[in-house]
1. Name the pairs: first residue in region 116-136 and part of a strand (DSSP E or B) and modelled with pLDDT under 90, second residue open to solvent by 90 Å² or more (accessible area, probe 1.4 Å) and not basic (Lys, Arg), Cβ to Cβ under 9 Å, at least 6 apart or on different chains?
2. Scan region 137-155 for residues that are without any contact (Cβ under 8 Å) to a residue 24 or more places away in the chain and not basic (Lys, Arg) and jot them down.
3. Looking at region 137-153 only, could you name the residues that are assigned to a loop (DSSP other than H, G, I, E, B) and open to solvent by 50 Å² or more (accessible area, probe 1.4 Å)?
4. When the residues of region 85-106 are filtered to those that are modelled with pLDDT of 75 or more and either surrounded by 14 or more Cβ atoms within 10 Å (Cβ to Cβ) or in contact with a Ser or Thr (Cβ under 9 Å, 6 or more places away or on another chain) (or both), which remaining residue is nearest to Ala45 (Cα to Cα)?
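The values are calculated or read from the model by the stated rules, or taken from the named source; none is laboratory data. As the structure is a computational prediction, the values presented were derived from the model and not from experiment. Here the Cβ positions follow ideal geometry from the backbone for every residue, glycine too, while neighbour counts run over all protein chains shown. Just the protein is used for accessible areas: all its heavy atoms, side chains included, with ligands, DNA and RNA removed. Shrake-Rupley method; radii C 1.70, N 1.55, O 1.52, S 1.80 Å.
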Amino acid sequence: AAAAAASPAGRLHLVRDQAEWGSLCEAAARVPAHTLCALLACAAADWSVTVYSRDPALLTATLTALRLALRPLEWRGAWLPLVPRARAGAEQLAQLRAGGVAAMVGVVQPAHEPSLPPPRPAEGRAVHLLLPDGPLLGAAKDTPLPRLPARLLTRVHALLAAAAATNPAAPPPTPRAAAAADDADAAAGEAARLGDWLPMPRGGGGGGGG
């Protein structure tokens, strides 16, 4: 294992894991847990998720955290963390939606303009949200949105709280380290694999693959 970590590929994986873990910690610290759970439920159901903010770092952290939280499953749809809320960005999103591809998208609001609320999505199986804590918007006001099972909500909230309290610069916890740590550290370790707790289908589809 030490030799693998010392190789260029191993070092690259360590850097990637560190960056993803930092994103999960930042998103958990800045976005309310109930909002992240709602977005995670939509992603797990293979819905498109579009988040809006004037803060590019928050957009990237949130969408990276969602993709990480689905592990060991993989998000197989489009993943565009930074798209400008301008004509070029609107055209890119229109092309994506016309293809019927599920997508996680971060839309950057202009820094010099008011933080405008997003429009409702034009299609079903999609949600829009203004970060960090705006309402989750479906295609219609009464659109039923995916939800995590009640028995998992408390657990996922605890995992997010543990991640929010963790130093993002610290190395990502490993199963062995988590097993040897106290309860809070163990919960932080499990937070990196929330996908283990999600009731997602293990077969095909944009959101998962096993």
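1. As it stands, the answer is none, since no pair meets every condition given.
2. Result: Leu137, Gly138, Ala139, Ala140, Asp142, Thr143, Pro144, Ala150, Thr154.
3. Within region 137-153, Lys141, Asp142, Pro144, Leu145, Arg147 qualify.
4. Once the filter is applied, the top-ranked residue is Ala102.
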